[in-house]
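The values are calculated or read from the model by the stated rules, or taken from the named source; none is laboratory data. Note that the structure is a prediction, hence the values are computed from the model and not measured. Positions of Cβ are generated from backbone atoms using ideal geometry, with glycine treated the same way; all protein chains shown enter the neighbour counts. Keep in mind that these areas ignore ligands, DNA and RNA; they rest on the heavy atoms of the full protein, side chains included. Shrake-Rupley method; radii C 1.70, N 1.55, O 1.52, S 1.80 Å.
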Amino acid sequence: MFPWGQSLFKKQMEGFTNGMNTKDIDQYVQQILSSTMGNSFPDFMKGNDFFKQAQQGNKTGPTTSMGSSSRMETHVFETLDECIIQVKIPDKSMLQSLRVYHTPHTCILEGYEGENEFREEISLPCSVKRKGTKAIYRSGVLEIKMPKYTNIPLSQVDVHDFD
């Protein structure tokens, strides 16, 4: 066995990485991936929702209207006992047609802006209770507070030994 900190390839590895900066390493990895995966891998990434969300992160930028193709500016966070969603709605007249629904893991906003119908689904970071949700519109922001559901049922699973 080799002593700790010693390796046969230590000198070669130090010489290999000394001349590279992070841009060179990134370019080298991209070149290797594109040559091994072929042209189908980038097309797969472009059409897949998972990779689109990974590129965008959880960022939702401000929008001028809430049409079906645009996303509302939302901020979702949780406290110890609530899940809170803040939605920027600059035009107070939109509240007349706005409907708010929620499941234990999703909040759904539906309504009309002029003649255009919109629907926005917002994923929640935790499970929420069925009742007790409150929505308040103040200063151009709709704030939806949902109490957390903390009583998660515990189920015992029987293990069978077939030996």
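Quick notes on this one:
- FRET efficiency for I25 and F77, using Cβ-Cβ distance with R0 set to 45 Å, rounded to 0.05: 0.80
- Set of aspartates and glutamates near K145 by C-alpha distance (under 14 Å), chain-local residues within fewer than 8 positions excluded: E78, D81, E82
- Karplus-derived HN-Hα couplings along the range 81-97 (A = 6.51, B = -1.76, C = 1.60, θ = phi - 60°), whole Hz, x at Gly and Pro: 10, 9, 10, 10, 10, 10, 10, 7, 10, x, 9, 5, 5, 5, 5, 4, 9
- Only the Cβ atoms of Lys and Arg (+1) and of Asp and Glu (-1) were treated as charged; on that basis the dipole of the range 83-132 about its Cα centre amounts to roughly 440 debye.
- Net charge, G132 excluded, C-beta distance under 14 Å - Lys, Arg +1, Asp, Glu -1: +4
- Note that the range 148-163 has calculated 3J(HN,Hα) couplings of 5, 9, 9, 8, 7, x, 10, 10, 8, 10, 6, 10, 9, 9, 9, 7 Hz, one per residue in order, obtained from phi through the Karplus relation 6.51 cos²θ - 1.76 cosθ + 1.60 (θ = phi - 60°); glycine and proline are x.
- Under 5 Å, built H, 5+ apart or other chain: amide partners of E82: K148
- Annotation: Cα Rg of the range 70-163 relative to the compact-globule expectation 2.2 N^0.38 Å equals 1.44.
- Solvent exposure of the range 65-163 amounts to 72 Å² per residue of accessible area, where only protein heavy atoms count and the probe is 1.4 Å.
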